[in-house]
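Structure first, commentary second.
Every read-out reported here was derived from the displayed coordinates using simple, explicitly stated rules and does not represent laboratory data. The structure displayed is predicted, hence computed values, not measured ones. Glycine also receives a Cβ, built like all others from the backbone with ideal geometry; neighbour counts cover every protein chain displayed.
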Amino acid sequence: MLDDTDRRILRQMQADPAASVAAIAERAGLSHAPCWRRIARMERDGVIRGRRILIDRRQLGWEVQVFLRITLDKTARNAFDAFIAEARQIPEVETIQTLLGRVDIRMDVVARDLAHYQQIYRDRIMALPHILDVESLMLVSELKNMEAVPV
């Protein structure tokens, strides 16, 4: 169970993931050693799953992002497993999520440009097994993308 001090530490870590333990401790109102122990415990317990950097994909030439809503032919045995196993092999697929409802799968796909996306779609996505229907939604602008969890 997290207490208020743990939550203060998590807020500081989310606000500045590159901050040192000493800086996080100071901002959270703790000394270095107790702060370090709390961070280590939250990592061990799986509250903190890792630390990462965020890269602006456009700076690396990935200009197009498309969200796919995919409905699978669920009459086929192991349709989900077969689809997911092959979809994971496509490097341009960033995210694969299974959903309850009318749509079975949501995938995020990135591409350098529209021609590259068309190639990925035609050659890789449509070759995936058990697809019944695909709806493509192209990202026009991102107005809010909150990576942080409200703690």
Subject >> 26, 92 arranged by Cβ crowding within 10 Å, fewest neighbours leading >> reply: 26, 92
Subject >> Rounded to 10°, Cα long-axis angle of helix 4-15 versus longest principal axis of the chain >> reply: 60 degrees
**OP:** Round to the nearest 10 and give me the degree value, 0 to 90, for the angle of helix 32-44's Cα axis relative to the longest principal axis of the chain.
**Re:** 30 degrees
Original post:
How far apart, in nm, are two points set 7 Å out from the Cα along the Cα-to-Cβ line at residue 52 and at residue 126?
Top reply: 3.1 nm
Original post:
Hey, fewest Cβ within 10 Å first, where do 9, 53 land in order?
Top reply: 53, 9
Subject >> Alpha-carbon Debye profile of segment 4-44, log10 I(q)/I(0) at 0.15 Å⁻¹ >> reply: -0.25
Original post:
Over the C-alpha atoms of segment 28-151, what are the Rg and the largest Cα-to-Cα span, Dmax, in Å?
Top reply: 19.1, 59
**OP:** Pairs of Cα atoms under 8 Å, at least six residues apart: use those to get the relative contact order of segment 47-151, whole percent.
**Re:** 37 percent
**OP:** Please give, to one decimal in nm, the separation of the simple spin-label points placed at residue 135 and residue 22, each 7 Å out from Cα toward the Cβ.
**Re:** 5.4 nm
**OP:** Set the Förster distance to 41 Å, then compute FRET efficiency between residue 106 and residue 32 from the Cβ-Cβ distance, nearest 0.05.
**Re:** 0.45
Original post:
Based on DSSP H runs of at least 4 residues, each adding -39500 (n - 2.57), what is the mean residue ellipticity at 222 nm of the chain after dividing by all its residues, to the nearest 500 deg cm²/dmol?
Top reply: -9500 deg cm²/dmol
**OP:** Evaluate the charge dipole of the chain about its Cα centre and quote only its size in Debye, nearest 20, assuming +1 on the Cβ of each Lys and Arg and -1 on the Cβ of each Asp and Glu.
**Re:** 440 debye
